[in-house]
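The values are calculated or read from the model by the stated rules, or taken from the named source; none is laboratory data. Because the structure is predicted, anything quoted here is derived from the model rather than measured. Neighbour counts run over all protein chains shown; Cβ positions are idealised from the backbone, glycine included. The accessibility values were calculated without ligands, DNA or RNA, using every heavy atom of the protein model including side chains. Shrake-Rupley method; radii C 1.70, N 1.55, O 1.52, S 1.80 Å.
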Amino acid sequence: MEKKVTEVVAALIWVEDRFLICQRPAHKDRGLLWEFVGGKVEPGETKEQALVRECREELAVTISVGEVFMEVDHDYPDLNVHLTLFNAAIIEGIPQMLEHNDIRWITPEDIPQYNFCPADEEILRKIQHRD
C-alpha cells in the first residue's frame, strides 16, 4: 500500500548569523531530535498560511514568509513527507517553548553538535555550504 505524502512546511529564521532550531518533545515520533519550526499543512490552507499558524501555535510569534529555501522528500517508516522550507522572519513576539523541549539559535558551524530529523539533513548541508 502506498503511504500518502504528508505536506509539511518549516521556517528557516535567521537573526544575524544564527538560525532557530527546535527540539521535538520526548513523547512524539522522532522525540528529542532537532528540527525547524513548522508542521503539517491542513486542508484548505496554503503552505504560507500553515507556516504562519504553526509558528503562532508552537512559538507564539508572528512571522513573515519569504522565498522557498529548499524542498525535500523523505520517507520515514511511518510516513512520507514533502517538506517545504521557507525563509522567514519574526515580525512580532519572542519565541516561546509552547510545544518543544528546547529551542536554540545556532550558527551553521554548530550543526554537527545536534541530532536532527533525517529529513533535515539535506537542508543542513545546504545551509553549511551556502557561501
message: So Cys55 passes all but one of these: (1) more than 29 Å from Lys3 (Cα to Cα); (2) open to solvent by less than 80 Å² (accessible area, probe 1.4 Å); (3) under 14 Å from the mean Cα position of the chain (by Cα). Which condition number does it fail?
response: (1)
- prompt: So which of Ala89, Ala60 ends up being open to solvent by 20 Å² or more (accessible area, probe 1.4 Å), in contact (Cβ under 8 Å) with a residue 60 or more places away in the chain, more than 13 Å from Phe36 (Cβ to Cβ) and small (Gly, Ala, Ser)?
  reply: Ala89
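Among Ala50, Ala11, which is the only one that is touching a strand residue (DSSP E or B) at 6+ places or on another chain (Cβ under 7 Å), of a type outside the set (Val, Ile, Thr) and within 26 Å of Gln128 (Cα to Cα)?
Just one listed residue meets the conditions, Ala11.
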- prompt: Does Pro95 satisfy being open to solvent by less than 50 Å² (accessible area, probe 1.4 Å), within 12 Å of Ile21 (Cα to Cα) and over 14 Å from the mean Cα position of the chain (by Cα)?
  reply: no
- prompt: Which one is nearest to Ile63 (Cα to Cα), of the residues in segment 85-110 that are in contact with a Gly (Cβ under 9 Å, 6 or more places away or on another chain) and polar (S, T, N, Q)?
  reply: Asn87
message: Please pick out the residue among Arg130, Arg104 that is charged (D, E, K, R), modelled with pLDDT under 95 and open to solvent by 70 Å² or more (accessible area, probe 1.4 Å).
response: Arg130
query: Which of the residues spanning segment 109-127 are open to solvent by less than 70 Å² (accessible area, probe 1.4 Å) and touching a residue at least 40 places away in the same chain (Cβ under 8 Å)?
result: Tyr114, Phe116, Cys117, Pro118, Ala119, Asp120, Ile123, Ile127
